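Visitor: A single structure is presented below for examination.
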Amino acid sequence: RKLGASRVRQELQAKGLPAQAIAEAVQAMRSTELERAREVWRKKFGEPPADPAARVKQVRFLISRGFAAEVVKRVVAGAEDL
């Protein structure tokens, strides 16, 4: 729940799971990635970035969790709509 699909893929590959099983798990996660990213963002930050430095910090945090760049962009940009 706290990780994006690409981070989960990396961790599953490191554990040596079959490629087909990894692909299925990642595909299933992609459908909920935006929702999961929003929830992780809300728990960590809860408010829109106040300045460009805060925006970079939020983006970097979500990217490090393995969320796709497009999803991160939507979450951080959507934070201003709160």
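The values are calculated or read from the model by the stated rules, or taken from the named source; none is laboratory data. Computed from a prediction, not measured in an experiment: that's the story for all the values here. Heads up, the Cβs are rebuilt from the backbone with ideal geometry, glycines too, and the neighbour counts pull from every protein chain shown. Ligands, DNA and RNA are excluded from the accessible area calculation, which covers all protein heavy atoms including side chains. Shrake-Rupley method; radii C 1.70, N 1.55, O 1.52, S 1.80 Å.
Matching residues to (1) surrounded by 12 or more Cβ atoms within 10 Å (Cβ to Cβ); (2) assigned to a helix (DSSP H, G or I); (3) on the phi > 0 side of the Ramachandran plot; (4) out of contact with any helix residue (DSSP H, G or I) (no Cβ under 9 Å at 6 or more places or on another chain):
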site: Arg9; (1), (2), (3), (4): yes, yes, no, no
site: Gly16; (1), (2), (3), (4): no, no, yes, yes
site: Glu24; (1), (2), (3), (4): no, yes, no, yes
site: Gln27; (1), (2), (3), (4): no, yes, no, no
site: Arg36; (1), (2), (3), (4): yes, yes, no, no
site: Val40; (1), (2), (3), (4): yes, yes, no, no
site: Lys43; (1), (2), (3), (4): no, yes, no, yes
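Visitor: For region 45-59: of the residues being in a helix (DSSP H, G or I) and surrounded by 16 or more Cβ atoms within 10 Å (Cβ to Cβ), which is farthest from the chain's Cα centre (by Cα)?
Guide: Initial filter on region 45-59 (in a helix (DSSP H, G or I)): 52-59.
Next, from what is left, pick out any that are surrounded by 16 or more Cβ atoms within 10 Å (Cβ to Cβ): 55, 58-59.
Details: Arg55: 15, Gln58: 11, Val59: 9 Å.
Selected residue: Arg55.
Visitor: Would you confirm, using the coordinates I've provided, whether Ala77 is open to solvent by less than 60 Å² (accessible area, probe 1.4 Å) and either touching a helix residue (DSSP H, G or I) at 6+ places or on another chain (Cβ under 8 Å) or in a helix (DSSP H, G or I) (or both)? So that I can check it myself, show each step before the final result.
Guide: Details: open to solvent by less than 60 Å² (accessible area, probe 1.4 Å): yes; either touching a helix residue (DSSP H, G or I) at 6+ places or on another chain (Cβ under 8 Å) or in a helix (DSSP H, G or I) (or both): yes.
Considered against the rule, which asks whether it is open to solvent by less than 60 Å² (accessible area, probe 1.4 Å) and either touching a helix residue (DSSP H, G or I) at 6+ places or on another chain (Cβ under 8 Å) or in a helix (DSSP H, G or I) (or both), Ala77 comes out as yes.
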